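Presented below is the structure to which this report refers.
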Amino acid sequence: MKIKTSHIEAALSLFDAGKRPDGYKQPKRWYVSNKTGKCYPAKAIWSLATGIKPSNFNTRDARIGLSDLDYSVINIDDIKTELNFYEEVDKSKNDTVENRRIRLKNASKKPAILFSIIKGYNRNPDVIAETLYQANGTCGRCKNEAPFKKKNGEPYLEVHHIIPLRDGGEDTIENTIALCPNCHRELHFGQ
């Protein structure tokens, strides 16, 4: 049977509905991204699409088959996080100018493409809208007016969660504040 995109899309839907192939194991590194960027275990999706048990083919077969159908196949070992990037920047800053310039001379002029799997939060748009409405164009920290207006004429402020969502903070108006970009960056990166 020739596997088509429709088979993969059906397998993605089955996986979303809780279906797992016989012998399914959580993958160590290979995932496939659907058209919206959501990631799934590559071998499980290939198994659901083909009807072949995971123990009867290897991950390479799944990677090639999915790639041939223009799906992005991602090795999570290749993913760099933003935190790792800034650690690398700090390491470069602390190295000698000579070493850095040697690396720059030998570096590729075109950056490699990286894929990311990020944990995010489905934030409530009403919380954002109400926080911005209540701010009335004024930063809640420095009390200055928004630094500029957006193309639609609204003052530009960013909504910040006082207790971060990743730390269990609530997505509520009481846990948010509208900030100018400088104050927002300072809260995230300042001392």
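When Ile102 is evaluated against the numbered criteria (1) more than 24 Å from the chain's Cα centre (by Cα); (2) not assigned by TED's automatic domain parsing to the domain that holds Cys180; (3) not in a helix (DSSP H, G or I), which criterion, by number, is the only one it fails?
For Ile102, the exception is condition (3).
Just to be sure before I move on: is Tyr40 without any contact (Cβ under 8 Å) to a residue 60 or more places away in the chain, exposed (fewer than 13 other Cβ atoms within 10 Å of the Cβ) and hydroxyl-bearing (Ser, Thr, Tyr) in the structure I sent?
Criteria not met by Tyr40.
Could you tell me whether Arg29 is surrounded by fewer than 15 Cβ atoms within 10 Å (Cβ to Cβ) and either of a type outside the set (D, E, K, R) or touching a residue at least 40 places away in the same chain (Cβ under 8 Å) (or both)?
yes
Of all residues in the range 1-17, how many are assigned to a helix (DSSP H, G or I) and in contact (Cβ under 8 Å) with a residue 40 or more places away in the chain?
3
For the subset of the range 120-151 comprising residues that are closer than 20 Å to Asp171 by Cα and among the charged types (D, E, K, R), which member is nearest to the chain's Cα centre (by Cα)?
The qualifying residue nearest to the chain's Cα centre (by Cα) is Arg123.
Quick check, is Gly169 part of a loop (DSSP other than H, G, I, E, B), touching a residue at least 12 places away in the same chain (Cβ under 8 Å), surrounded by 12 or more Cβ atoms within 10 Å (Cβ to Cβ) and among the small types (Gly, Ala, Ser)?
Considered against the rule, which asks whether it is part of a loop (DSSP other than H, G, I, E, B), touching a residue at least 12 places away in the same chain (Cβ under 8 Å), surrounded by 12 or more Cβ atoms within 10 Å (Cβ to Cβ) and among the small types (Gly, Ala, Ser), Gly169 comes out as no.
The values are calculated or read from the model by the stated rules, or taken from the named source; none is laboratory data. The structure displayed is predicted, hence computed values, not measured ones. Cβ: placed from backbone, ideal geometry, glycine included. Neighbour counts: every protein chain shown.
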